[in-house]
Structure formats: C-alpha cells, structure tokens
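Have a look at the structure below, then the notes.
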Amino acid sequence: MIRTRFAPSPTGLLHVGGLRTALYQYLFAKNNGGKFLVRIEDTDRERTVEGGIQNILSSLYWAGVIPDEGVKLNEKGEMIQVGDFGPYIQSERLEIYQKHAEFLIENKFAYHCFCTADRLDQIRHSQQENKKPTGYDRFCLTNVSDEEAQRRVAAGEKHVIRLKMPREGETKFKDLIRGEVVFKNELVDDQVLIKSDGFPTYHLAVVVDDHFMQISHVIRGEEWISSTPKHIQLYKCFGWELPVFAHLSLLLNSDKSKLSKRQGDVSVSEYEKNGYLPEALVNFVAFLGWNPGGEREIFSLEELVKEFDLGKVNKTGAVFNLEKLDWFNKEYLKNLSAEEIFEKAGAWLTPEQKMNPEKTKKVIALEKDRIKNFSELSGSIKFLYELPEYSKELLIWKKSNLAEVQNILPQIKTVLSKIEEKEWSKLVVEQSVMSMVKEKGYNNGMVLWPLRVALSGQENSPGPFEIAEVLGKTESQLRIEISLSKLA
RNA sequence: GGUCUCAUCGUCUAAUGGUUAGGACAUUGCCCUUUCAAGGCGAAAAUACGGGUUCAAUUCCCGUUGGGACUACCA
C-alpha cells in the first residue's frame, strides 16, 4: 500500500512551495491507488502560530488536495482527525517520542547531553575558524558516565538527548529523484532528538510517526536531504524498515534563491484572495519541476493524477514565475461561462453588481477574456454600472479630429433614437449604425471609436454594440449626450 | 569553511548517443480589428566551460566554473 504524507509546521500561512510538495505527495499516492494523509508537526512551541493549522488546511482544501486520513476539515470547516494511526498532531504524541527516546538511551543509541548553548556556540565558532566541519564534540558522551547522567537527570538538571551517530562507514540511500546519495557517517552530527523542554525535534518525531503511520514514500523538500542519514540511522536503531525517499527541488525566487516572501506573495491564501482559480494555481505549480512529456499544458487535477510520475520530476529548482501563472489563470477563465464566473467571483463583486445577476452575467461575458483574475473583475466592469470619467481627447479617434467627432456623434444619436426601446439589442444597434456608416461613406473607425468611447469612457473596452446592449437605450443616449457636452 | 546537490532560450521545459535542439510564458513583427483582449502567421532567443569515451555527444565519464540547500535544543 502506497501511503504518503504532508507534514507541515503551523508556523505561518501555507506557502506555494508547500502546496507543490503536498500536491506531488497527493498525486503520487492517488496515481498508485494509495492514501495521502496530513500530519501536523508542531513540536516547536516558539514558532507555532495561532490559526496556522486552520489556514494550511483550508488552503489545501481550496486547492482540492484533500487528505484521505489524518488532520482533515469536516463539512462545517472544523478541524477533525480521521484514521487508525492517530493522533496526527505531534504535540499530542509526546509520550510516544519520550518512550522511543528512552529505548535509544537504554540501548546506547543515544545519550544525555548537558552542554549549555554558550558552549555549543563556542565549539561551532572555533570549528568554523579552523575550517573544520561543524558538529557536537561529544563532550557529554565521553565525560559523563551513564550513572552520572542518570543522577543529573533525576536531579532535574536541564538536558537534551542526542543521537549517537556511528563514526565509521557511510550511509547510502537511493533517492527516487536523485539516485544514490552517500554521506560519510563521521561527518554527520549527533543530532538532538529530545529538546530540553521535553519536546522531540523534527528528526525523532518524523521517523517515529512515519513508521507508525506506515508511510511508504517520504516525499519532501531538498532541504532535508542532508539530514536523511540521521533519519536512516534512527530507523536502523529501532529495527524498522526504511521508507522510500524522494527529495524535491526547491521553488526559487527570480534570483534563484529559495522562494521567500521578500519577492512578492508566496502564500496560497494570497492567491485565493487575489482571485486566482485553484485549478490554475494547481496546474501551474504542478508544472514547476514536472510535466507529463507532451506539449499539452492544461490539466485538471484528475488528469494530473492520471499522468503523474515521480521519475519525471526534475532535479533543478524552478523559478516561481507569476507571468506564467497569469496565463494559466486566463486559460481557465476563458473556459468558464459567465454564469460560472458570476457564481465563483461573488466575493469580488460590488453589492450592486451582485443584485443584478442578469446584467452582471452579460457584463462578465463581455469582460471575461480581458481579466487575469477575479480581483480585476469589479474594476474592469465598473463603467457599465456608473458613469465613467470622460476625457475630451479620448473621444477623438487617432485618425480623426474634433470637428469630425462633433459632426458624427449627433448623427449616431439620431440614428439610435429611431430604434424602439423594445427592439434595442446588439444586433439592431449594429445594423442601424453600420448602415449609416455605409450610406455616408464613413470610415468604420471614425464612427465606432467615438461611439465606443462615449459609451464606455475607456481607452480599452469591449465593442460599442455589446456595450450598448447592456446599457440599454436610455443610458446609451444619455452617455452620448454627456460626451457631446464634453466636446463643446 | 565543511557536506550534499544542481546545470538546455530571460523563465518553465522537451529531446536519455544520430533532431534544422521541439513547445509554452514573456519580448517582438505582421494579419484581423474602432481600442484592448482573444485569435492566426512569423522573428529573435539555449545545450556554462575544458577534457575524455565513441564513427557520433545536450545525452556517458572526469575536471573547472557557477548556482542552491544544509551546516540550531527551527522545521
């Protein structure tokens, strides 16, 4: 049984890099008929933030990356835990880690360390100055006997528990994405397993949990590659079977450094707020470092599941490029009907726009190919609900002049006034105006440009006939009237 | 500094010994058109460098250079 897990720390909002990791874990599990679960790694009490778990889960659900097991959301959006291997929140599993740490101590796979932060800093500094590899010098392993350690622990002295890495040999593993990776054991530090506050570090907790939650494939970011030998050592100490490791390359800023806040929005909820479609973000993020091979780029989540192949994941880090995301979002927007957009974009519409669904849907149909995301929608259709600001210069077509506009606009007005109110439609307006253009031998632009600007007030907009239909006869007439006065 | 790791157009990538090195985004030219968007047709743009191996290297090996990650009682 293939089982993967997403194990975020609730230290902030869900990051797009985190979304990609979760997505790959999800796609891999689903592609293999396996299970995807979410576990919360909240062992750092300093950094854990209020509402962090909630945000991570709601972003995941928004994106459609829904866990089968572990920490989930119910219909009301409340956090629940589902599955046979819980609890799925590390702060609720403290005794398990403690028990396993004791096992390691008893079997001499780990030892107590009483060194102060100051001393640790000092050795690190001198190691760096002497161009030596950094790491704990094993002072407490060599100078503190088991009996003394027991006594000091019993006396309540502050201490941590460290893993005793072997000094000989090397640790090898076969990464599903990178192939064989080898580390010399003597260079691997004696990692702290239990902190002085009694909480486990990531390294102990991740190994214990992945084992008991029967994770078959540990898919995670590249930043973990160098601590993998420590994890493998722990599996060996416990006598557990190793999972398969797959380390994903990082998402990058445009300067190729690890993606961070300083170069714009990186949280999933920010994209949600800005009116990006989850399908577009998911599709985009999936293609950062992986693609199924052909030339097609638009894939639904179900299609991604079908196509996904960890072996085709790239080793190189990918720059998170917003322009491409905009393109994906536009593609998805184009495929939505005005009806669907009206439903989905509710949060971005003004109350007035929401109260006139018939008109707003028509308006959306006109503008939907012009916007990148929903946050642009309301602004882009505003001129159809309220009188725009007019500019005299804009009313004059580049190949025309003031006198010509002053001559033509009244003629359009006359033509339009002849149309019956109930006959008013895009088609009828178009026929009337175009036959006038033809009759007088005018150039299209001479007439259509000022008409369009009179109706929209915009430099760029949909065509004049579409706008006229939405506006209706009275409003259209009014706007032409106002434009005329601006020209005077 | 040490360890690990990566290297195809500006960006995302395809091509696992034989291609005019393909596509997409962005840039740009033209067409369509009243404008913008969309659409259509083009252009420019890459195998980091140096050695091997081979009849043949983007592809395999080595080195160089460059980038990145890690180097915490954070994950």
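Bear in mind these aren't lab numbers, they're just calculated from the coordinates by the rules spelled out. Predicted, not measured: the structure shown is a model, and the values here were computed from it. Cβ sites come from the backbone with ideal geometry, for glycine too, and all protein chains shown count toward neighbours.
Counting other Cβ atoms within 10 Å, keep those with at most 14, restrict to DSSP loop, and tell me which trypsin sites (Lys or Arg not before Pro) in the stretch A:266-372 are left. Mind showing how you got there, number by number?
Values: sites: A:LYS273, A:ARG296, A:LYS306, A:LYS312, A:LYS315, A:LYS324, A:LYS330, A:LYS334, A:LYS344, A:LYS354, A:LYS359, A:LYS361, A:LYS362, A:LYS368, A:ARG370, A:LYS372; in loops: A:ARG296, A:LYS315, A:LYS368, A:ARG370, A:LYS372.
For trypsin sites (Lys or Arg not before Pro) across the stretch A:266-372 that sit outside H, G, I, E and B with at most 14 neighbouring Cβ atoms in 10 Å, the list reads A:ARG296, A:LYS315.
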Exercise. Please state the relative contact order of the stretch A:392-487 as a whole percent: Cα pairs under 8 Å, 6+ residues apart?
Worked result: 41 percent
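Neighbouring Cβ atoms within 10 Å as the yardstick, rank A:ARG119, A:ARG39 fewest first.
On the way: A:ARG119 12, A:ARG39 28.
Ordered by Cβ neighbours within 10 Å, fewest first: A:ARG119, A:ARG39.
Compute the semi-axes of the equivalent ellipsoid of the stretch A:170-223, taking the square root of 5 times each eigenvalue of the Cα gyration tensor, and list them largest first in whole Å. It would help to have the intermediate numbers written out before the result.
On the way: eigenvalues 100, 62, 16 Å².
Semi-axes (√(5λ), whole Å): 22, 18, 9.
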For this session: Sort all Cα-Cα distances of the stretch A:106-145 into consecutive 5 angstrom bins from zero, then give the percent of pairs in each bin up to the one containing the longest distance.
Result: 5, 21, 27, 22, 14, 8, 2, 1
Seminar exercise, completed: Extension length gain for A:THR474 and A:LYS99 (0.36 nm per residue less Cα distance), in nm, is 127.0 nm
Exercise. How far is helix A:52-63 tilted, in degrees, relative to the longest principal axis of the Cα atoms in chain A, given as a value from 0 to 90 rounded to the nearest 10?
Worked result: 50 degrees
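Tell me, A:ARG479, A:ARG20 in order of fewest to most beta-carbon neighbours within 10 Å? Let's see the in-between values first.
Details: A:ARG479 23, A:ARG20 27.
Fewest to most other Cβ atoms nearby, the residues stand as A:ARG479, A:ARG20.
For every helix of n ≥ 4 consecutive DSSP H residues, a contribution of -39,500 (n - 2.57) applies; sum these over chain A, divide by its total residues, and give [θ] at 222 nm rounded to the nearest 500 deg cm²/dmol. Let's see the in-between values first.
Values: 21 runs with 225 residues, N = 488.
Theoretical 222 nm ellipticity from helices: -14000 deg cm²/dmol.
List, in the order given, every pair from A:LYS334/A:LYS440; A:LYS306/A:LYS344; A:LYS158/A:LYS258; A:LYS261/A:LYS361; A:LYS398/A:LYS426 whose Cα-Cα distance in the structure shown is over 32 Å.
Numbers: A:LYS334/A:LYS440 38 Å; A:LYS306/A:LYS344 27 Å; A:LYS158/A:LYS258 35 Å; A:LYS261/A:LYS361 36 Å; A:LYS398/A:LYS426 25 Å.
Check vs 32 Å cut-off fails for A:LYS334/A:LYS440; A:LYS158/A:LYS258; A:LYS261/A:LYS361.
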For this session: Quote to one decimal, in nm, the extra length available between A:TYR385 and A:ASN74 on full extension: 0.36 nm per residue of separation minus the C-alpha distance between them.
Result: 108.0 nm
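Which residues make up the longest stretch of chain A clear of GluC sites (Glu not before Pro) that lie in a DSSP loop with no more than 12 other Cβ atoms within 10 Å, not counting the sites?
A:296-385
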Exercise. What is the log10 of I(q)/I(0) for the stretch A:226-352, computed with the Debye formula using one identical point scatterer on each Cα and no solvent, at q = 0.14 Å⁻¹?
Worked result: -0.80
Exercise. R0 = 25 Å: FRET efficiency of A:ARG119 with A:GLU223, Cβ-based, nearest 0.05?
Worked result: 0.40
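Distance check, please: which entries in A:LYS273/A:LYS368; A:LYS30/A:LYS315; A:LYS76/A:LYS324; A:LYS330/A:LYS422; A:LYS330/A:LYS413 exceed 30 angstrom between their Cα atoms? Walk me through the intermediate numbers first.
Working: A:LYS273/A:LYS368 18 Å; A:LYS30/A:LYS315 22 Å; A:LYS76/A:LYS324 34 Å; A:LYS330/A:LYS422 35 Å; A:LYS330/A:LYS413 36 Å.
Too far apart for the 30 Å limit: A:LYS76/A:LYS324; A:LYS330/A:LYS422; A:LYS330/A:LYS413.
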Exercise. How far, in degrees from 0 to 90, does helix A:444-456 lean away from the longest principal axis of the Cα atoms of chain A, to the nearest 10?
Worked result: 60 degrees
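Indicate the gyration tensor shape class of chain A (rounded, prolate or oblate), computed on the Cα atoms with a ≥ b ≥ c the square roots of the eigenvalues: a/c under 1.5 is rounded; otherwise a/b larger than b/c is prolate and the rest oblate. Mind showing how you got there, number by number?
On the way: a/c = 3.23, a/b = 3.06, b/c = 1.06.
Prolate.
Between A:VAL428 and A:LYS324, how high is the FRET efficiency from 1/(1 + (r/R0)^6) when r is the Cβ-Cβ distance and R₀ = 35 Å? Nearest 0.05. Kindly include the intermediate steps, with their values, before the conclusion.
Values: r = 42 Å, r/R0 = 1.21.
Efficiency, rounded to the nearest 0.05: 0.25.
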Seminar exercise, completed: Ordered by fewest other Cβ atoms within 10 Å, a rough proxy for footprinting exposure, A:ASP118, A:ASP42 read A:ASP118, A:ASP42
Seminar exercise, completed: Here the averaged projected area of the stretch A:4-153, based on the convex hull of its alpha-carbon atoms and given in nm², is 12.8 nm²
Exercise. If the chain between A:ALA403 and A:GLU303 were fully stretched, how many nm would it gain, using 0.36 nm times the residue separation less the Cα-Cα distance?
Worked result: 30.1 nm
Exercise. Using 7 Å Cα-to-Cβ label points, what is the A:ILE482/A:GLU157 separation (nm, one decimal)?
Worked result: 8.3 nm
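Evaluated at 4 °C with a viscosity of 1.567 mPa s, what Stokes-Einstein diffusion coefficient in µm²/s does the stretch A:284-376 have when Rh comes from the Kirkwood expression over alpha-carbon pairs?
Details: Rh = 15.3 Å.
D = 84 µm²/s.
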Problem set entry | Spin-label zone in the stretch A:172-190 - amide nitrogen under 20 Å from a point set 7 Å from the Cα of A:GLU46 along the C-beta vector | A:190
Seminar exercise, completed: Projected onto their principal axes, the Cα atoms of the stretch A:93-248 stretch, largest extent first, over whole-Å spans of 46, 40, 24
For this session: Using the 4.7 Å Cβ rule, please list in number order the cysteines from chain A without any candidate partner.
Result: A:CYS115, A:CYS237
Problem set entry | chain A: angle of helix A:357-367 to the longest principal axis, Cα-based, in degrees nearest 10 | 80 degrees
Seminar exercise, completed: Between the alpha carbon centres of the stretch A:145-167 and the stretch A:316-387 the gap in Å comes to 62 Å
